[in-house]
Every structure is written in structure tokens, then in C-alpha cells.
Amino acid sequence: MDVEGPVNFIELGGDNGGPTIVCVHGLGGSHLNWMAIAPELANRSRVLALDLVGHGLTPTGSRTADIEGHRRLLSGFLRKLVDGPVVLVGNSMGGLVSLLCAAREPASVAGLVLVDPALPMMLPAKPDPRVLVNALVCAVPGIGERYLAYRRKIQSPEASVRRVLAACCVDVDRVDPDVIAAHVALTARMDRAAADAAYLSSARSLSRVLVRPRSFSLMARRIPHPALVLHGDADRLVPVAAARRLSVVRPDWRLAVAHDVGHVPMMEAPAWTLGQITEWLSVTSLAEGPMLHPG
């Protein structure tokens, strides 16, 4: 479909009585990040998963691969393709983009499921040294570009996928081999140089957003929707302390923590993730949120 340019997405399921679910991946991810849980969710709901700007098979084009660019794409996607408010299921950066969409256009959203969402780092939480070094290298214009160009040169698509999963998971062997194979095939298909450019733009924009915890807290407080927050307690990219801090800001949002799980529970612990989402959907009155679809 077109939202100021081509947007790649997948659609599963139909009108099975459940709410429409739109899955939003994180930094450097794609629609395939939801492959382990989307088919099961589709047994009760219409499920869509899109690729954000410059990610997966969605080209950047004339759009910007920053947080606001991703938010604009998601908002346009909902207006064009979905009839009525949806449950946004967002991981990492996709969780932040989903929060911004809910705050900016509340009528398009019925509820939120935030899976290890990107949240401001609050002291005394300490970032993983490897994560911090990678973030600092990517943050410097010129150096970040050269670093990613060198990494593309020495790493095959399979090595690239496994490197990312190693950073995101406690145990990569928990990820379904079919999910890994699909990610490798997609990486081989993609324009990796363009994807890296989008990654850097997104990462730098994300850093600017996350250094403003007060602004984030004010935004989170005004979101009128129910939410489920899922977080792995061994997440090296977004420490679980950040999710616990969010639960102080929004004590009405349910927080569930997975033991010995990293940044992508929907891939590393899909059964746990599915159980949490389906149980929350079964007991949560989504009709309490704004129900008018934006024009």
C-alpha cells in the first residue's frame, strides 16, 4: 500500500470476533519479528504487521527514517487500512512509536501491548557496555556510517542475523529455526546499505527522544488507553528497571516480566508472550478507550 510511498506489510486472519491487532517491530527489525506469534493471534483477530520506514521491504523514499517519520507512517497506515481503533503491539522502538501514535491520535487506538518498549534510561540503571559502545559509535556522523559499511563487508546475511539475535536474546537456540531462516532470507533480499542508513537515522533519532524522560512521562500519563507491558528481565538493550519505572508512572497498566528472557520475548519466549497477550485481551475492556475512527 502507499503512505507517502510504498509500505510492505503482511495480513493474517480475519474477523474472528477479536480486536484488530497491528504489530510494530523495533530498530533494525521487520514484520518477520512477529512470525512466531502472529499466526496464533490470527486465530482470534485480524493481525497486520508492517515494515517501518527503511526497514524490511519498505523503502525510505522521500520519507524520513526517524521516530516522527515512523509515527507518521503508522498513523497513515491505520487511517488507510484499518476500520476502527486497533490494539497496537509494539516491540522496542516500535513500542515507543505505538505510544506516540496513541498519544497523538487516540481515536485510532483501543489498547497497547508494549513488548520491551524503548524507554528513557533512568539512574541507577546501567546500560550493557557492548550496547553502549555500539550506540556511541553509531551516534557519531561519519564514524557510524563507516562502521556499518565495514560490518556489511565482513558479515554474511546469516552472520548479521545471528549477531543481532545474540544481542537481543539470552539464548538464540530458543528462537525457532524457521524464524531465523526467514530473517536470513529477508536480509539477503534487502538493500543492506539502505537499511543501514535507515538504522542510523532511526537510532540517532531514538537517542534524542529517550534523553527526555520528563517529556516522556508527561506523554505516557495522558494516553487514555489500557496497556499491557511485557519485559524480559535479562534485556541488555532496555533494562527491566525502565519498565518498572513506567509502571510507577502508569500503575493502571499491567506489567509482566519474563525470567531469563531478553529484548525480544515474542521470538525467544513466544508461548509466554502469547499467553500474556491472549489472557490480557480476554479480561480487558477495550471499549473503555476512544472508539471513534479518525476521518
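Please treat every number below as a calculation from the coordinates, not as lab data. In this text, all values refer to a predicted model and were calculated from it rather than measured experimentally. Because the Cβ atoms are built from the backbone with ideal geometry, glycine has one as well, and the counts that use them run over all protein chains shown.
Could you give the angle, 0 to 90 degrees to the nearest 10, between helix 129-139's Cα long axis and the longest principal axis of the Cα atoms of the chain?
80 degrees
What's the angle, to the nearest 10 degrees (0 to 90), between helix 93-104's Cα axis and the longest principal axis of the chain?
Compared with the principal axis, the helix lies near 40 degrees.
Could you give the length gained on full extension between V248 and A139, defined as 0.36 nm per residue of separation minus the Cα-Cα distance, in nm?
36.2 nm
Name the shape class, rounded, prolate or oblate, that the alpha-carbon gyration tensor gives for the chain, where a ≥ b ≥ c are the square roots of its eigenvalues, rounded holds for a/c under 1.5, and otherwise prolate holds if a/b is larger than b/c and oblate otherwise.
rounded
Multiply the residue separation of V82 and K153 by 0.36 nm, subtract the distance between their alpha-carbon atoms, and state the gained length in nm to one decimal.
Difference between extended and current length: 21.5 nm.
So if R0 is 25 Å, what FRET efficiency would R212 and D128 give, r being the distance between their Cβ atoms, rounded to the nearest 0.05?
On the way: r = 22 Å, r/R0 = 0.87.
Efficiency computed from Cβ-Cβ geometry: 0.70.
Taking the Cα atoms only, what angle lies between the long axis of helix 67-81 and the longest principal axis of the chain, rounded to 10 degrees?
That helix lies at roughly 50 degrees to the long axis.
Dividing the Cα convex hull volume of the stretch 1-106 by residue count, how many Å³ per residue is that?
83 Å³
Expected output is a single nm value to one decimal: the length gained when fully extending between H259 and D173, i.e. 0.36 nm times separation in residues minus the C-alpha distance. What is it?
29.3 nm
Evaluate the charge dipole of the stretch 132-273 about its Cα centre and quote only its size in Debye, nearest 20, assuming +1 on the Cβ of each Lys and Arg and -1 on the Cβ of each Asp and Glu.
Working: 20 positive and 13 negative charges, 170 e Å.
Dipole size: approximately 820 debye.
Taking K and R as +1 and D and E as -1, what net charge do the other residues with C-beta under 12 Å from the C-beta of V115 add up to?
Summing Lys/Arg as +1 and Asp/Glu as -1 gives -3.
Work out the FRET efficiency for V283 and R146 from their Cβ-Cβ distance, taking R0 = 51 Å, and round it to the nearest 0.05.
The calculated FRET efficiency here is 0.50.
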